[in-house]
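Asks: If you scroll down you'll find the structure; I have some questions about it.
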2 protein chains.
Amino acid sequence: MEFVSILLSSAHRLLHPQLAVLITVRGRDGKANVMTAAWCMPVSHRPPLVCVSIAPKRFTHRLIVESGEFAINIPSLEMLKIVDLCGTCSGAQVNKFKKFNLPTVEAKVINAPIISSCIAFIECKVVNSVKAGDHTLFIGKIVAAYTRGNIFDKIYMLDKCKLPLHLGGDMYTTCHGVYRP
Amino acid sequence: MEFVSILLSSAHRLLHPQLAVLITVRGRDGKANVMTAAWCMPVSHRPPLVCVSIAPKRFTHRLIVESGEFAINIPSLEMLKIVDLCGTCSGAQVNKFKKFNLPTVEAKVINAPIISSCIAFIECKVVNSVKAGDHTLFIGKIVAAYTRGNIFDKIYMLDKCKLPLHLGGDMYTTCHGVYRP
């Protein structure tokens with residue numbers, strides 16, 4: 001079978017689907033924000049570190065630089081409308097929590113709100129940030145992690161939750177079935 | 001509903017499923033290797049950059065440091081046995097290409113083999129590497145990208161390919177359906 005060239009500007013989509021998450025943060029002046037991110041992954045076991053890639057133009061970028069903390073909220077597929085909306089407007093202009101009627105509670109360890117309708121939460125303290133092209137990689141140490149209800153036993157129980165995976169643009173998929181080699 | 005605490009050592013699995021990919025590379029002495037990786041994502045649009053997290057103890061780590069290049073091979077779900085096997089032994093001891101009978105051809109731009117039974121390929125040149133806990137983040141600039149056959153039109157055509165997504169341990173899932181907000 002033939003190889004088909006892909007434009008370099010579209011090539012990153014070959015690494016999708018990527019789990020869509022909501023990043024919450026609170027800046028120095030007390031103003032909080034939420035944004036959608038799909039470029040977020042674990043990077044280390046000991047210590048447990050994650051990495052999220054955020055463009056400097058994002059309001060969330062400024063708040064993370066200010067606070068040195070952020071929370072990763074993992075939504076369910078049912079929240080897809082919210083996931084999409086939180087990725088398409090800036091918290092510099094609007095209070096997305098109010099505008100989209102998002103239920104929040106305080107995070108356990110860090111100073112930030114979390115979105116309590118999400119299904120899982122990872123609280124992080126920034127240990128390093130690295131410029132990478134038109135984005136910044138924030139490397140965060142996990143300082144707290146919890147789920148809403150029993151949906152996780154070392155891995156997600158896929159019969160108890162549906163995850164939104166970002167394919168590209170406004171298209172998402174979800175995961176289905178468990179396979180073993 | 002109640003919040004359930006997750007052990008910090010298991011918390012990274014809350015960011016799975018992650019697309020399982022095969023990293024191929026050729027070292028200075030001509031010796032090539034392949035390893036499975038699930039911690040790999042895009043990090044920048046302009047220039048198009050990706051990031052892969054690899055532990056320094058891995059043979060592939062040494063070869064990437066030597067060569068400054070690597071290829072990301074995206075397998076299909078049908079290759080799950082190979083995906084699992086390439087993550088459970090070291091290329092320092094065995095030639096995994098021979099042992100697992102992997103068909104290879106030369107990459108287009110970089111000096112490395114690619115696994116021609118995979119469905120998509122991203123060739124990268126390392127532009128930065130960053131220590132992150134017990135792993136190294138290799139940030140690579142995409143220098144070539146292509147698929148085998150017509151399976152991608154800005155996003156994967158999910159009716160034409162099945163992707164292996166790593167949940168944890170020896171458990172994988174795949175993606176199913178397209179959702180729009």
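Asks: Within segment B:57-73, can you find the residues that are aromatic (Phe, Trp, Tyr) and either within 11 Å of chain A (Cβ to nearest Cβ) or under 20 Å from B:Gln18 (Cα atoms) (or both)?
Replies: From segment B:57-73, those aromatic (Phe, Trp, Tyr) are B:59, B:70; that's our starting set.
Within segment B:57-73, just B:Phe70 meets the criteria.
Asks: Within segment B:40-56, is there a residue that is touching an Asp or Glu at 6+ places or on another chain (Cβ under 8 Å), closer than 27 Å to A:Leu8 by Cα, in a loop (DSSP other than H, G, I, E, B) and away from chain A (no Cβ under 12 Å)?
Replies: Scanning segment B:40-56 turns up no residue that is touching an Asp or Glu at 6+ places or on another chain (Cβ under 8 Å), closer than 27 Å to A:Leu8 by Cα, in a loop (DSSP other than H, G, I, E, B) and away from chain A (no Cβ under 12 Å).
Asks: Restricting the search to segment B:63-83, which residues are of a type outside the set (Ser, Thr, Tyr), touching a strand residue (DSSP E or B) at 6+ places or on another chain (Cβ under 7 Å) and part of a helix (DSSP H, G or I)?
Replies: The first filter runs over segment B:63-83 and keeps only residues of a type outside the set (Ser, Thr, Tyr), leaving B:63-66, B:68-75, B:77-83.
Cutting the leftovers down to touching a strand residue (DSSP E or B) at 6+ places or on another chain (Cβ under 7 Å) gives us B:63-64, B:68-75, B:77, B:80, B:83.
Correct list: B:Leu63, B:Ile64, B:Leu77, B:Leu80, B:Val83.
Asks: Looking at segment A:23-44, which of the residues that are without any contact (Cβ under 8 Å) to a residue 12 or more places away in the chain and over 26 Å from B:Cys175 (Cα atoms) is farthest from the chain's Cα centre (by Cα)?
Replies: Restricting to residues being without any contact (Cβ under 8 Å) to a residue 12 or more places away in the chain and over 26 Å from B:Cys175 (Cα atoms), the top hit is A:Asp29.
Asks: Oh, and also: Pick out, from segment A:126-181, the strands (runs of 3 or more DSSP E) lying fully within it that include 1 or more residues that are at pLDDT 95 or above and more than 8 Å from every other protein chain (Cβ to nearest Cβ).
Replies: Working: elements: A:135-148, A:165-168, A:171-179.
Those strands (runs of 3 or more DSSP E) span A:135-148, A:165-168.
Asks: Which one is surrounded by the most Cβ atoms within 10 Å (Cβ to Cβ), of the residues in segment A:84-125 that are more than 10 Å from chain B (Cβ to nearest Cβ) and assigned to a helix (DSSP H, G or I)?
Replies: Of everything passing the filter in segment A:84-125, A:Lys96 is surrounded by the most Cβ atoms within 10 Å (Cβ to Cβ).
Asks: So B:Ser76 passes all but one of these: (1) hydroxyl-bearing (Ser, Thr, Tyr); (2) within 7 Å of another protein chain (Cβ to nearest Cβ); (3) closer than 21 Å to A:Leu14 by Cα. Which condition number does it fail?
Replies: So the condition that B:Ser76 fails would be (2).
Asks: Out of curiosity, is A:Ser129 polar (S, T, N, Q), in contact (Cβ under 8 Å) with a residue 12 or more places away in the chain and crowded, with 16+ Cβ neighbours inside 10 Å? Please lay out each step first, then the result.
Replies: Working: polar (S, T, N, Q): yes; in contact (Cβ under 8 Å) with a residue 12 or more places away in the chain: yes; crowded, with 16+ Cβ neighbours inside 10 Å: yes.
So A:Ser129 passes the test.
Asks: Take the residues of segment B:23-34 that are touching a helix residue (DSSP H, G or I) at 6+ places or on another chain (Cβ under 7 Å) and either crowded, with 24+ Cβ neighbours inside 10 Å or farther than 24 Å from B:Ser117 by Cα (or both): which is farthest from the other protein chains (Cβ to nearest Cβ)?
Replies: B:Arg28
Asks: Given the condition assigned to a strand (DSSP E or B), among the hydrophobic types (A, V, I, L, M, F, W, C) and out of contact with any Lys or Arg (no Cβ under 7 Å at 6 or more places or on another chain), answer yes or no: does some residue in segment A:3-13 qualify? Break it down stepwise before answering.
Replies: Within segment A:3-13, the first condition is being assigned to a strand (DSSP E or B), and the residues that meet it are A:3-5.
Checking which are among the hydrophobic types (A, V, I, L, M, F, W, C) leaves us with A:3-4.
In the following step, the residues that additionally are out of contact with any Lys or Arg (no Cβ under 7 Å at 6 or more places or on another chain) were identified as A:4.
Among the residues of segment A:3-13, at least one is assigned to a strand (DSSP E or B), among the hydrophobic types (A, V, I, L, M, F, W, C) and out of contact with any Lys or Arg (no Cβ under 7 Å at 6 or more places or on another chain), which makes the answer yes.
Asks: For segment B:24-39, which positions are closer than 12 Å to B:Gly91 by Cβ, part of a strand (DSSP E or B) and not polar (S, T, N, Q)? Explain how you work it out, then say what you get.
Replies: Quick first cut of segment B:24-39, residues closer than 12 Å to B:Gly91 by Cβ only: B:24-27, B:31-36.
Right, trim to part of a strand (DSSP E or B) and you get B:24-26, B:32-36.
The answer is B:Val25, B:Arg26, B:Ala32, B:Val34, B:Met35.
Asks: Go over the candidates B:Cys40, B:Cys89 one by one and state the one that is within 22 Å of B:Cys161 (Cα to Cα) and out of contact with any Pro (no Cβ under 8 Å at 6 or more places or on another chain).
Replies: Values: B:Cys89 fails: within 22 Å of B:Cys161 (Cα to Cα).
Residue meeting the stated conditions: B:Cys40.
Asks: Of all residues being at the interface with chain B (Cβ under 7 Å from one of its Cβ atoms) and within 30 Å of A:Lys108 (Cβ to Cβ) in segment A:1-22, which is farthest from the chain's Cα centre (by Cα)? Just the residue, please.
Replies: Here the answer is A:Pro17.
Asks: Take the conditions touching a strand residue (DSSP E or B) at 6+ places or on another chain (Cβ under 8 Å), over 22 Å from B:His45 (Cβ atoms) and free of Cβ contacts under 8 Å to residues at least 24 places away in the same chain and apply them to A:Val105. Does it pass?
Replies: Working: touching a strand residue (DSSP E or B) at 6+ places or on another chain (Cβ under 8 Å): yes; over 22 Å from B:His45 (Cβ atoms): yes; free of Cβ contacts under 8 Å to residues at least 24 places away in the same chain: yes.
Criteria met by A:Val105.
The values are calculated or read from the model by the stated rules, or taken from the named source; none is laboratory data. These numbers come from a predicted model, not from an experiment. Cβ sites come from the backbone with ideal geometry, for glycine too, and all protein chains shown count toward neighbours.
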